[in-house]
Amino acid sequence: SRPAHPTMSSTCALSAVAARPRVCVRGLVSRRGVRVPHPKPRRVVTAGVFGKDEESASAGRPTPSGRAPGKPRAEDNVNLPTAQDPPAQLPLLLNNTPHERSTRQWFYKDSTDALVKAVTTHKMTRCKAKIEFPEMNVEGDVYRIGTLLELVRDLATKLAVDGKKVRVCVQGSMGAGVFQALPLSLSGVARILDLMDWGEADEFVRRGSIGKDVPTDDDDYYILIAPQNIVGYAVLPYIIEMEEACGDRPMIMINPRLDDIQSAGNVMSVRGRGERREYVDKWETAYHFRLLYKKPYFFPIFGALRYAGPGTKWELYKRFGKMKTEEYKLLRVYADGEPNSGEITKVILKRE
């Protein structure tokens with residue numbers, strides 16, 4: 001039997017060995033008297049913050065500081081605004097709700113001017129507008145139906161200024177019996193429309209729902225308030241029937257949400273989805289404004305995307321500063337259509 005260690009117990013010996021750093025000793029001899037070659041040192045590699053590997057200083061050389069920026073690419077200077085692209089004076093502090101009256105009035109004027117010009121000057125007959133600042137974003141918890149209806153009133157008043165008849169429509173309950181349903185954001189809107197004060201345009205503004213029986217021969221314009229699908233029922237068939245009854249008279253959809261919602265009963269399934277999307281895309285965009293966030297959050301605001309109708313360019317703004325120093329700078333303009341999410345992300349998240 002092998003004699004025990006003369007100065008320490010086996011437990012203490014193991015603790016001492018575990019506490020010592022691992023070193024490579026040249027000339028290490030095995031039990032059989034064979035010299036073991038010195039093992040090659042291994043590089044210590046750790047995972048970086050963004051998924052890239054970083055070499056540790058223990059590898060024998062310093063950690064690389066990063067890739068050189070290189071020459072600027074030609075595509076970085078594309079779509080830059082010029083003197084012919086004056087920026088809009090966007091309202092500030094849009095995360096403060098309820099909004100100030102001046103903030104709401106800016107959006108009312110900006111959007112209604114573009115919509116009126118689209119149907120009167122450019123003769124658009126099927127147009128849509130997406131207006132999503134916090135009080136008009138149905139996905140947020142500060143959504144205010146009064147703001148949407150005030151905008152509709154301003155639009156209807158401008159369209160009826162020369163005696164034109166304007167019909168304001170909101171979808172009714174869909175389904176039958178106990179299975180009747182209505183989007184929560186439109187609950188009670190029809191009743192509010194009947195109680196609203198339309199001012200001098202009251203005799204020219206009419207109310208109605210969405211369907212083939214609503215249009216009359218003397219209607220001139222139709223405004224559809226936030227038509228949207230719900231689980232189990234689609235509003236798109238009602239819009240198609242109403243469009244056929246309206247003929248070539250202008251129809252304006254404000255904040256439509258016509259994406260398919262999966263449900264039982266073969267409603268809005270894969271079959272026919274391409275045709276439904278193609279129909280919705282036929283409605284031309286007459287106005288667009290939305291704030292840019294990192295979803296699913298609504299704070300902070302990174303920028304804004306704006307389009308003021310036919311004859312203008314899509315404008316991409318980036319937000320700088322906080323509180324009193326906040327401002328929106330126009331970084332890009334696009335004449336060929338709405339920029340995709342990749343382009344928006346590249347511009348907004350680029351360090352300036």
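Values quoted throughout were computed directly from the atomic coordinates according to the rules given, and no laboratory measurement underlies them. All figures in this text were calculated on a predicted structure; none of them were measured in a lab. Glycine also receives a Cβ, built like all others from the backbone with ideal geometry; neighbour counts cover every protein chain displayed.
Structure data summary
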{"quantity": "Per-selection metrics, the range 97-165 (Cα): Rg and Dmax in Å", "calculated": "13.0, 38"}
{"quantity": "Gap separating the Cα centres of the range 147-203 and the range 243-305, nearest whole Å", "calculated": "19 Å"}
{"quantity": "Mean projection area, nm², convex hull over Cα of the range 294-343", "calculated": "4.3 nm²"}
{"quantity": "Local electrostatic count at Arg277 - Lys and Arg +1, Asp and Glu -1, tallied over other residues with Cβ under 12 Å", "calculated": "-2"}
{"quantity": "Sparse-neighbourhood loop sites, GluC sites (Glu not before Pro) in the range 277-348 - DSSP loop, at most 12 other Cβ within 10 angstrom", "calculated": "none"}
{"quantity": "Taking the convex hull of Cα positions in the range 223-352, its mean projected area over all directions (nm²)", "calculated": "10.6 nm²"}
{"quantity": "Convex hull volume of the range 78-211 per residue (C-alpha atoms, cubic angstrom)", "calculated": "183 Å³"}
{"quantity": "Nearby lysines by direct alpha-carbon distance to Lys295 (threshold 25 angstrom, same-chain neighbours under 8 apart not counted)", "calculated": "Lys52, Lys128, Lys130, Lys318, Lys322, Lys329, Lys346, Lys350"}
{"quantity": "Within the range 203-269: Cβ-based charge dipole about Cα centre, in debye rounded to nearest 20 (Lys, Arg +1; Asp, Glu -1)", "calculated": "340 debye"}
{"quantity": "Along principal axes, Cα extents of the range 172-232, largest first, whole Å", "calculated": "39, 25, 19"}
{"quantity": "Mean shadow area of the range 159-199, taken as a quarter of the surface of its Cα convex hull (nm²)", "calculated": "4.0 nm²"}
